[in-house]
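Each value in this text was obtained by applying a stated rule to the coordinates, not by laboratory testing. Everything quoted here is computed from the prediction, not taken from an experiment. For neighbour counting, all protein chains shown are included, and Cβ atoms are generated from backbone atoms with ideal geometry for every residue, glycine included.
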Amino acid sequence: MTRGVTRPRFQELVSSLREEQAFLSKYPHPALLLEPVGSSSQEMINTPPEPLPNLDRTDLGATIADVLVAPKTFTGPSGLVHPEARVVWVAKSDRNPFAGMITLGRARNNDLVLSHRSVSKMHAIFYRRERGWLIEDRNSTNGTFIEGVRLPPNQGRELNDGSTVRIADAVSARFFEPQSFWHFCQLVRGTE
């Protein structure tokens with residue numbers, strides 16, 4: 001694991017929740033709830049994640065370096081979320097000069113780094129417009145998908161709360177605005 005990286009497990013985050021306003025103050029950015037995927041419900045992907053080199057940085061909070069590859073079917077504590085799910089905040093880092101967008105890809109200079117062979121160096125971008133958050137595939141080799149539909153390259157697509165986003169065959173994520181993520185966490189907490 002890369003030193004200084006904070007990628008809380010979803011269940012750890014849920015168990016630490018106390019008060020909505022404190023949560024929203026601490027986590028003002030949208031969340032991606034990352035869940036590993038497999039090539040089928042019975043198979044594992046044959047391209048395991050490649051660990052990032054130790055970058056000796058403390059600002060890698062949005063790096064996604066240790067997402068596990070696992071079958072799509074699982075039985076988690078709540079049944080709603082994979083037991084290895086991680087939370088990543090959709091927030092700008094200081095690793096690139098691209099203002100107005102949050103980059104996701106395999107290269108270390110992305111805001112969100114997903115170290116997996118099927119992810120392109122700059123795979124997708126997130127950005128906010130008047131109507132809300134959008135995601136755009138940056139002509140990636142293995143695609144970006146919303147609700148199972150592959151996005152055409154270089155065309156922004158609106159993200160709704162709870163939208164399922166798949167990045168290549170590396171990871172599936174659910175997108176949440178901060179307040180909706182709080183409510184989702186409360187729902188999951190109530191089912192444990």
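Applying the criterion of being of a type in the set (Gly, Ala, Ser) and either in contact with a helix residue (DSSP H, G or I) (Cβ under 8 Å, 6 or more places away or on another chain) or assigned to a helix (DSSP H, G or I) (or both) to the residues of the range 141-192, the residue that is surrounded by the most Cβ atoms within 10 Å (Cβ to Cβ) is Ser180. Only one of the listed residues (Val188, Val171) is in contact with a strand residue (DSSP E or B) (Cβ under 8 Å, 6 or more places away or on another chain) and among the β-branched types (Val, Ile, Thr). That residue is Val171. Of all residues in the range 133-163, those being charged (D, E, K, R) and in contact with an Asp or Glu (Cβ under 6 Å, 6 or more places away or on another chain) number 1.
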